[in-house]
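Take a look at the structure set out below.
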């Protein structure tokens, strides 16, 4: 069952998008290139009680960027719980350190592409499909 994000989570996600780090921005621009292959990544996307850094819902893939604070015990425990919850929902999580993205963004994208497993099977966008109704979509 689909559960809509709370207004607070939506506001939090918008603020995170607006205040994105340079590392998030650089990965976001590279993930957008995958749209040409039929994928659709969202950034800072509310999902239940969490805000996901990047997610491709059709592939059930979450990409998280971790700064230095994720080494602290409280953050590690939170990350583990979050990953377990996402796994229970059918999602896989890839985690990358910010420095890894800065030093080797091509390698990070290669790993993400491997996890996506190729070009998705999707119907063409609505604007490219013929209307089936007698009114031809009017």
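Things worth noting here:
- Taking 7 Å steps out from each Cα toward its Cβ at residue 49 and residue 83 produces label points 2.0 nm apart.
- Cβ crowding within 10 Å ranks 88, 45 as 88, 45, fewest other Cβ atoms first.
- Efficiency of FRET from Cβ geometry, residue 100 and residue 11, R₀ 22 Å, rounded to 0.05: 0.15
- Its convex hull of Cα atoms gives region 15-113 a direction-averaged projected area, equal to a quarter of the hull surface, of 6.2 nm².
Read-outs: derived from the displayed coordinates by stated rules, not from any lab. Here the structure is a predicted model, which is why all the values come from computation and not from measurement. Neighbour counts are summed over all protein chains in view; Cβ atoms, including those assigned to glycine, are modelled from backbone coordinates with ideal geometry.
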